[in-house]
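Okay, structure first, notes after.
Quick note: the coordinates plus some simple rules give every number you see, no bench work behind them. On a predicted model such as this, the values are computed, not experimentally measured, just so you know. Counting neighbours? That spans all protein chains shown, and the Cβs are built from the backbone with ideal geometry, glycine included.
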Amino acid sequence: MLTKANIAVLVSGGGTNLQALIDAQSNGVLKSGEIKAVISNRAGAYALTRAEKNGIPAFTVTKKECGSQQAFEERLTEIMKENKIDFIVLAGFMSILSENFTAQFPSRIINVHPSLIPSFCGKGFYGLHVHEAALSYGVKVTGATVHFVNEVCDGGKIIMQKAVEVEDGDTPEILQKRVMEQAEWIILPQAAEKVSEKICRQKGFIS
Ligand code: GAR
């Protein structure tokens, strides 16, 4: 019997990247991993509804309810253990994880960032702010990056990148949508498959 890597997806908002991963599971792009849990740090995030619609266990864990970063991360770790998670995908997760957490999963956490790292990344660069910064700098090409997550914000090893053209008259919203459509929704599932396949090999599920 073929066994897959168990994936948890961490989200905060609309969850279009989560949707791309769910679709990739259906169309076979993501075949070595299976999404076993979706965790949001924001109550009511639409990403949770997407998980429920697809029969994926959905959890809300907020820092406020937990009381501290440490308690927040301990709860996340508990959910990972309970669901036998091998691999964590940050898909629009707007909270920075500390080394206490990331060190537990070396080369087992990936993130999608909406720029070509090392441009427009690090603390304060998230969501629409990234595209505002790209437009105000005046770059003509931007894109998305999928990278491993370590203790340095947006500083882990790059797995995949895809460039996207900036067009005259772009607003941050228009650019965000183009970067998602032309880069994020393509490279995130591909990178998730790449890491899942590696995990399956390491576990001896495939040779
Ligand atoms: C995406 O553009 C993602 O790259 C970005 O937030 C958006 C979430 O959209 N993430 C970051 O900025 C992380 N630094 P989604 O909820 O529709 O996937």
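Just tell me which aspartates and glutamates come within less than 13 Å, Cα to Cα, of K36; anything on the same chain fewer than 8 places away is out.
Correct list for K36: E52, E82, D86.
Compute, for region 126-207, the length of the dipole vector about the Cα centre, with Cβ point charges of +1 (Lys, Arg) and -1 (Asp, Glu) only. Units Debye, rounded to 20. List each step's numbers first, then the result.
Values: 9 positive and 12 negative charges, 123 e Å.
Here region 126-207 has a charge dipole of around 600 debye.
Considering lysine pairs in region 114-182 that are 8 or more places apart or on different chains, how many have Cα atoms under 19 Å apart? Numbers along the way, then the final one.
Numbers: K123/K157; K140/K162; K140/K177; K162/K177.
So the count of such lysine pairs works out to 4.
Using amide H atoms built in the peptide plane, which far-off residues or other-chain residues are under 5 Å from G15 H to H?
A47
Starting with the highest mean, order 140-150, 195-205 by the number of other Cβ atoms within 10 Å, averaged over the residues of each peptide. The partial results should precede the final answer.
Details: 140-150: 21.0, 195-205: 16.3.
Per-residue mean Cβ counts within 10 Å order the peptides as 140-150, 195-205.
Please name which of M180, A134, F101 has its Cα lying farthest along the dipole of the chain towards the positive end, using unit charges on Cβ (Lys, Arg +1; Asp, Glu -1) and the Cα centre as origin.
F101
Apply the Karplus parameterisation 6.51 cos²θ - 1.76 cosθ + 1.60, with θ equal to phi minus 60°, to every residue of region 167-179 and state each ³J(HN,Hα) to the nearest whole Hz, in sequence, with x for glycine and proline.
Couplings: 10, 3, x, 4, 9, x, 5, 5, 5, 4, 5, 5, 5 Hz.
Around M94, with a cut-off of 13 angstrom between Cβ atoms, what is the net charge of the other residues, counting Lys and Arg +1 and Asp and Glu -1? Mind showing how you got there, number by number?
Details: positive: R42, K63, K123; negative: D154.
Residues close to M94 contribute a combined charge of +2.
Aspartates and glutamates near K53 by alpha-carbon distance under 12 Å, same-chain residues fewer than 8 away left out - which ones?
List returned: none.
Report, to one decimal in Å, the Kirkwood hydrodynamic radius for region 1-137 based on all distinct Cα pairs. Spell out each step's value before the answer.
Numbers: mean 1/r = 0.0637 Å⁻¹.
It works out to 15.7 Å.
Over 19 Å, how big is the tail of the calculated P(r) for region 90-158, in percent of all Cα pairs? Walk me through the numbers before you get to the answer.
Working: 688 of 2346 pairs.
Here the tail beyond 19 Å accounts for 29 percent of pairs.
Can you check what the net charge comes to around G13, using other residues whose Cβ is under 12 Å from the Cβ of G13 (Lys, Arg +1; Asp, Glu -1)? Before the final figure, lay out each step's value.
Working: positive: R42, R50; negative: none.
Residues near G13 contribute +2 overall.
Do the sum for the chain: with -39,500 (n - 2.57) for every DSSP H run of n ≥ 4, divided by all residues, what is the mean residue ellipticity at 222 nm, to the nearest 500 deg cm²/dmol? Walk me through the numbers on the way to the answer.
Values: 8 runs with 78 residues, N = 207.
So the calculated ellipticity at 222 nm is -11000 deg cm²/dmol.
Calculate, in nm to one decimal, what L135 and A71 gain on full extension: separation in residues at 0.36 nm each, minus their alpha carbon distance.
Numbers: separation 64, 0.36 × 64 = 23.04 nm, distance 3.79 nm.
Gain on stretching L135 to A71: 19.3 nm.
Highest first, please rank the peptides 64-73, 86-95, 120-129 by the mean number of other Cβ atoms sitting within 10 Å of their residues. Write out the running numbers ahead of the final one.
Numbers: 64-73: 13.6, 86-95: 22.9, 120-129: 15.1.
Ranking, from highest mean packing down: 86-95, 120-129, 64-73.
Given K84/K194; K81/K198; K63/K203, which pairs have Cα atoms separated by over 30 Å? Could you put the intermediate results ahead of the total?
Numbers: K84/K194 19 Å; K81/K198 20 Å; K63/K203 33 Å.
Beyond 30 Å between Cα atoms: K63/K203.
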